[in-house]
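The block underneath contains the structure these notes are about, expressed in structure tokens.
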Amino acid sequence: MKVIKRNGNEVSYDRNKIITAVQKANAEVSLEEKIIYDRIEEIIKEIESFNQSVMHVEEIQDIIEQKLMADGKFVLAKKYIIYRYTRELVRKANTTDESIMSLIQNRNKDVAEENSNKNATIASTQRDLIAGEVSKDLTRRILLPEKISKAHDEGILHFHDADYFIQPIFNCCLINISDMLDNGTVMNGKLLESPKSFQVACTVMTQIISAVASSQYGGQSVDVRHLGKYLRYSRNKYLKRYQEQFGSSIENDLIVKLVDERVKDELRCGVQTIQYQINTLMTTNGQSPFVTLFLYLDKDDEYLEENAMIIEEILRQRLEGIKNEKGVYITPAFPKLIYVLDEHNCLHGGKYDYITKLAVKCSAKRLYPDYISAKKMKENYEGNIFSCMGCRSFLTPWKDENGNYKFEGRFNQGVVSLNLPQIGIIANGDEEVFWKLLEERLELCYEALMCRHQALEGTLSDVSPIHWQYGAIARLKKGETIDPLLHNGYSTISLGYIGLYEVTKLIKGVSHTDPTGTEFALRVMNYMRAATDRWKEKTGIAFGLYGSPAESLCYRFARIDKKRFGEIKDITDKGYYTNSYHVDVREKIDAFSKFQFESQFQKISSGGAISYVEIPNMRHNLPALEELVKFIYDNIQYAEFNTKSDYCHVCGFDGEIQVNDNFEWECPNCGNKDHNKMNVTRRTCGYLGENFWNVGKTKEIKSRVLHL
């Protein structure tokens, strides 16, 4: 048997610890209150007779107290309780030594691998992670109700971002970049007035992004449409300057040509500023800003042509990549890009199809951008088009006092995610038990989410001036609380979920892609959605059903359940659970069918939904990828592509790695031939010599086995 301690660690059961604890209490009572050793053995055997693979330490201690009192040993029970309480005080005095020391010594893999954007060996990052360990410890022991901490430790739910919970900061947001650029902002006590040119606007925007990232624990999104007017400012500035300088001495057509060249140069430099600033700036938590750029060609925008130029340049520079320390062009992690498909750029003969073709080319090489269908989003969000936040959660529609929809300048308070497969395992195929358990655990999630909400109530605007006082979210006065922004649907709070596929398999015996499974899965989704709608009605807080929580959580929940329940075929034996409503990666399903199937769940999961397909190297098959993008516009709201490009771990080269004359993979950049230090994608064509491979097969080549 394993025992879960109060700090969440799992240790082997040791009956001697029970004997020691009871005997220490025994030594402090009179003879008539003492308990004989044989009775201690009987109590221990009763605990062991439950035959549980995992027990919580408090369950064991509660049983002991109950048995002592049932025997009439009330003074002894009291002494045992005091001993237990004293031990708890000792534990609470210092519980972070090991986690912090293992972090500093680079032994804490869970923390190091939790965020791929943080290098856990760098001193500045370690400082943030150390603070996170202290926050998690205080959160578990003091700030959260014990039943919530216990539920988190047992994998019933996941209380996200406990490493920041001690501070009054929220999850993620849509920056009101329009307000901050148009009306100015303040950073470090210094006024930044509204820019007068495109390049200055780009610089100010990246400074805002860095400041915002330093005062929240999630991602942020920025709509680049608001840069369009500043590109026109630059154009008008150059036009005025040349007209004043040359007057009528040169033809107007030549002046326009000169202006165009200057604008193109400033456009290139401004976008380069965004890309390089975001990738080189370090926030106070030791990482690059987790930022998404929203690329939307709004046909009603006054600056549509300028925005088309900006988006095209962003995509061109992303396609090129950024040089690493060895001078090799690589794909930067940030900014993430989201490209909106609308009537005029959905590859059906629209004016801006050329930009979409560039986006597809970029996706084939650099994975980004993701794609949002304006058509489907309007259906799901009352006719509105807006970006998700950096964490991929979506806001609910909200109108201001004038009846206008508002999305920018809003935020998500936090996330709690539910482990659906664990409910299915415990229900053991009994659907009635499943629904009862689901309701109980949803209520537990509600309590945990309210802890998130209540921790923010009473927060003063002074804790993050860039957010609350200088425009990123609001323009509150110093000393004013943020409470009005926490209620009435202005901000959201999210219920995440993991493992719809697995829970369907457990209860119905089939995948949720099977018609019987689909019907059940949709009922589960609608049940969770109804719960969030009910909570919103009850509290006035905009609860959302969030379909894309952290990927790492898929592994955490599966790991916990495997330890507790053992290997279950197609469930815990895989080592992971599927994220939200996604189709399991092992199912044979084509990309079009996957998007079509998952789209029905996106509408229900309005607080956050993304679907992706794993594709082979598509650099030489762009028409196929374009067809998939066309399909996205008509069929699914939010989609992305995953692929594994060729990559050399020695030099960072991510072009195409070829087989040389000796039938060896060889990096064309550095000459690396060690296949253990490179990724090579499966391809449907390539060298077709006698000793080559079939796709997905393993073939011996010159006495070497390559897994392709």
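If we scan region 256-263, do we find a residue that is out of contact with any strand residue (DSSP E or B) (no Cβ under 9 Å at 6 or more places or on another chain), part of a helix (DSSP H, G or I), crowded, with 19+ Cβ neighbours inside 10 Å and touching a residue at least 24 places away in the same chain (Cβ under 8 Å)?
Within region 256-263 (the criterion being out of contact with any strand residue (DSSP E or B) (no Cβ under 9 Å at 6 or more places or on another chain), part of a helix (DSSP H, G or I), crowded, with 19+ Cβ neighbours inside 10 Å and touching a residue at least 24 places away in the same chain (Cβ under 8 Å)), the answer is yes, since at least one residue qualifies.
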For region 9-44, the count of residues that are open to solvent by less than 50 Å² (accessible area, probe 1.4 Å) and either among the charged types (D, E, K, R) or over 30 Å from ARG564 (Cβ atoms) (or both) equals 7
Selection from region 313-362 of residues that are under 30 Å from CYS670 (Cβ atoms) and β-branched (Val, Ile, Thr):
ILE314, ILE322, VAL328, ILE330, THR331, VAL360
Conditions: (1) in a loop (DSSP other than H, G, I, E, B); (2) out of contact with any strand residue (DSSP E or B) (no Cβ under 7 Å at 6 or more places or on another chain). LEU437 meets all but one. Number of the miss?
(1)
Out of the residues in region 533-542 that are touching a strand residue (DSSP E or B) at 6+ places or on another chain (Cβ under 6 Å) and over 11 Å from SER491 (Cβ atoms), which is most open to solvent (accessible area, probe 1.4 Å)?
LYS536
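Can you find a residue that is over 29 Å from SER611 (Cβ atoms) and open to solvent by 20 Å² or more (accessible area, probe 1.4 Å) anywhere in region 486-505?
yes
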Hey, MET55 hits all of (1) in contact (Cβ under 8 Å) with a residue 24 or more places away in the chain; (2) touching a strand residue (DSSP E or B) at 6+ places or on another chain (Cβ under 9 Å); (3) open to solvent by 20 Å² or more (accessible area, probe 1.4 Å) but one; which does it fall short on?
(3)
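Give ILE148, ILE166, ILE156, ILE177 a once-over and let me know the one that is more than 30 Å from ILE338 (Cα to Cα) and at pLDDT 95 or above.
Values: ILE148 fails: at pLDDT 95 or above; ILE166 fails: at pLDDT 95 or above; ILE177 fails: more than 30 Å from ILE338 (Cα to Cα).
Unique residue meeting the criteria: ILE156.
For region 193-212, which positions are open to solvent by less than 10 Å² (accessible area, probe 1.4 Å) and either in a helix (DSSP H, G or I) or under 15 Å from CYS173 (Cα atoms) (or both)?
Kept after step one, since they are open to solvent by less than 10 Å² (accessible area, probe 1.4 Å), are these residues of region 193-212: 195, 198, 201-202, 205-206, 208-209, 212.
Correct list: PHE198, ALA201, CYS202, MET205, THR206, ILE208, ILE209, VAL212.
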Taking the condition of being farther than 24 Å from PHE334 by Cβ and of a type outside the set (Ser, Thr, Tyr), how many residues in region 365-421 meet it?
23
Select from region 301-327 the residues that are part of a loop (DSSP other than H, G, I, E, B) and either hydroxyl-bearing (Ser, Thr, Tyr) or at pLDDT below 95 (or both) and list them in ascending order.
TYR303, GLY321, ASN324, GLU325, LYS326, GLY327
Restricting the search to region 480-527, which residues are within 17 Å of ILE426 (Cβ to Cβ) and among the aliphatic types (A, V, I, L, M)?
ILE498, LEU500, VAL503, LEU506, ILE507, VAL524
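Table: residues versus (1) in a loop (DSSP other than H, G, I, E, B); (2) farther than 30 Å from ARG564 by Cα; (3) within 24 Å of the chain's Cα centre (by Cα); (4) not charged (D, E, K, R).
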site: LEU129; (1), (2), (3), (4): no, no, yes, yes
site: HIS152; (1), (2), (3), (4): no, no, yes, yes
site: GLY155; (1), (2), (3), (4): yes, no, yes, yes
site: LEU191; (1), (2), (3), (4): no, yes, no, yes
site: GLN216; (1), (2), (3), (4): yes, yes, yes, yes
site: LEU227; (1), (2), (3), (4): no, yes, no, yes
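When the residues of region 354-385 are filtered to those that are assigned to a loop (DSSP other than H, G, I, E, B) and open to solvent by less than 10 Å² (accessible area, probe 1.4 Å), which remaining residue is farthest from GLY608 (Cα to Cα)?
As a first pass, look at region 354-385 and keep what is assigned to a loop (DSSP other than H, G, I, E, B): 367-369, 381-385.
Pick out the ones that are also open to solvent by less than 10 Å² (accessible area, probe 1.4 Å) and you get 369, 381.
Working: PRO369: 18, TYR381: 12 Å.
For region 354-385, the residue satisfying everything is PRO369.
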Being without any contact (Cβ under 8 Å) to a residue 60 or more places away in the chain and under 30 Å from PHE159 (Cβ atoms) narrows PRO397, PRO335 down to just PRO397
Of the candidates SER552, SER511, the one satisfying the condition of being farther than 30 Å from GLY184 by Cα, modelled with pLDDT of 95 or more and of a type in the set (S, T, N, Q) is SER511
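The values are calculated or read from the model by the stated rules, or taken from the named source; none is laboratory data. Predicted, not measured: the structure shown is a model, and the values here were computed from it. Using ideal geometry, Cβ is built from the backbone for each residue, glycine included, and neighbour counts are taken over all protein chains shown. Please note that ligands, DNA and RNA were not included when accessible areas were found on the heavy atoms of the full protein model with its side chains. Shrake-Rupley method; radii C 1.70, N 1.55, O 1.52, S 1.80 Å.
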